[in-house]
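The values are calculated or read from the model by the stated rules, or taken from the named source; none is laboratory data. Computed from a predicted structure; not experimentally measured. Cβ sites come from the backbone with ideal geometry, for glycine too, and all protein chains shown count toward neighbours. Surface areas here come from the heavy atoms of the whole protein model, side chains and all, with no ligands, DNA or RNA. Shrake-Rupley method; radii C 1.70, N 1.55, O 1.52, S 1.80 Å.
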Amino acid sequence: CAAAMAQLLSTQRDAVALTTFSDSIEYTSQFSSTGAHLNVVFNELGRVMNAKGESKGSNIAMAIHQIADQIHKRSLVVILSDMFQNAGHLDEIFEALHHLRHRKHEVLIFHVTDQQTELDFDFDDRIYQFTDLETGKVIKLNPREYKEQYHQKLSELYRDLKLRCGQYKIDLVEADTSEPFDKILSAYLIKRKR
């Protein structure tokens with residue numbers, strides 16, 4: 001999705017930059033619209049997608065604040081995230097998003113989730129071992145015992161996320177990882193064309 005957006009923007013002769021982060025900024029490219037630069041962006045995206053390493057936390061609020069401070073020209077900032085970091089504390093994330101909006105940047109969030117496991121919480125009635133990919137913490141439980149409570153908390157989170165995005169005039173696009181990226185992008189581009 002990120003590569004396709006970069007390609008699309010570069011084709012329109014818009015300068016593109018890439019920033020990746022975990023609990024700190026890990027990589028930031030320059031802004032450019034050249035083919036050589038696009039290859040650098042694609043290579044970095046490939047490296048990140050194929051990286052196998054230690055579990056790291058994420059700090060999206062810190063990353064957004066740093067990005068807002070680094071971009072001096074009015075820009076479209078595209079964020080691909082599950083928005084789960086500090087899920088109970090969306091205030092920090094939206095304070096950072098407000099920082100971007102205050103600097104007159106347009107913000108687009110691709111809310112990356114897996115429909116079956118993360119949203120539907122669709123598992124068989126048995127014990128599973130769940131590993132937090134960011135912290136490495138492991139818990140064992142039967143998802144059926146927590147499904148109702150999980151759905152309630154998730155519904156509250158999504159309702160708050162959608163409401164706040166609307167208030168801040170931020171486009172929010174659901175990006176189910178089981179769907180092809182072109183379907184996700186097409187839905188957004190059709191909506192934007194209107």
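How do Leu45, Leu108 rank by accessible surface area computed with a 1.4 Å probe, from largest to smallest?
I get Leu45, Leu108, largest accessible area first.
Taking Lys56 as the anchor, which aspartates and glutamates have their alpha carbon closer than 17 Å to its alpha carbon, excluding any fewer than eight residues away along the same chain?
Asp23, Glu26, Asp82, Asp132, Glu134
Find the relative contact order for segment 106-156 and round it to a whole percent, using C-alpha pairs within less than 8 Å whose residues are 6+ positions apart. All intermediate terms of the calculation are to be shown ahead of the outcome.
Numbers: 40 pairs, mean separation 15.7, N = 51.
In percent, rounded to a whole number, it is 31.
Of all accessible surface on the chain at a 1.4 Å probe, what whole percent is carbon and sulfur?
50 percent
How far is helix 2-11 tilted, in degrees, relative to the longest principal axis of the Cα atoms in the chain, given as a value from 0 to 90 rounded to the nearest 10?
Tilt relative to the chain: about 20 degrees.
Take the cross-link list Lys104/Lys169; Lys104/Lys183; Lys169/Lys193; Lys52/Lys137 and give me the ones stretching past 20 Å between alpha-carbons.
Lys104/Lys183
In segment 1-72, what GluC sites (Glu not before Pro) fall in a loop by DSSP, with at most 14 other Cβ atoms inside 10 Å?
Those that pass, being in a loop and sparsely packed, are Glu54.
How large is the dipole of segment 129-193 about the Cα centre if only Lys and Arg carry +1 and Asp and Glu carry -1, each at its Cβ, rounded to the nearest 20 debye?
Dipole about the Cα centre, nearest 20: 240 debye.
Expressed as a whole number of Å, what is the distance separating the alpha-carbon centroids of segment 1-40 and segment 64-120?
17 Å
Averaging sequence separations of C-alpha pairs under 8 Å and six or more residues apart, then dividing by the length of the chain, give the relative contact order as a whole percent.
18 percent.
Which of the listed residues, Tyr188, Thr177, Leu154, is farthest toward the dipole's positive end in segment 144-194, when Lys, Arg count +1 and Asp, Glu count -1 at the beta-carbon?
Selected residue: Tyr188.
Given the protein chains as shown and a 1.4 Å probe, how many square angstrom of Ile127 are accessible, to the nearest 10?
Ile127 exposes around 110 Å² with every protein chain in place.
Of Ile139, Cys1, Leu100, which is farthest towards the positive pole of the chain's charge dipole, taken about the Cα centre with +1 and -1 on the beta-carbons of Lys, Arg and Asp, Glu respectively?
Leu100
What percent do you get for the relative contact order of segment 36-123 when only Cα pairs under 8 Å and 6+ apart count? Provide the component values of the computation, followed by the final result.
Values: 66 pairs, mean separation 28.1, N = 88.
Relative contact order, segment 36-123: 32 percent.
Quick check for me: using +1 on Lys/Arg Cβ and -1 on Asp/Glu Cβ, what's the dipole size of the chain about its Cα centre, in debye to the nearest 20?
900 debye
Any idea how far apart Ala187 and Leu119 come out in nm if each label point goes 7 Å out from Cα toward Cβ?
Placing both labels 7 Å along Cα→Cβ, they lie 0.6 nm apart.
Excluding Arg103 itself, what net charge comes from residues whose Cβ is under 14 Å from its Cβ, given Lys and Arg +1 and Asp and Glu -1?
+2
Run the helix sum for the chain: -39,500 (n - 2.57) per DSSP H stretch of 4+ residues, divided by residue count, reported at 222 nm to the nearest 500 deg cm²/dmol.
When only DSSP H runs of four or more count, the value is -15000 deg cm²/dmol.
Provide the per residue accessible area, probe 1.4 Å, for the chain, rounded to a whole number of square angstrom.
63 Å²
Within segment 154-194, whose backbone N sits under 13 Å from a point 7 Å along Cα→Cβ of Gln7?
So the set is 181-183, 185-186.
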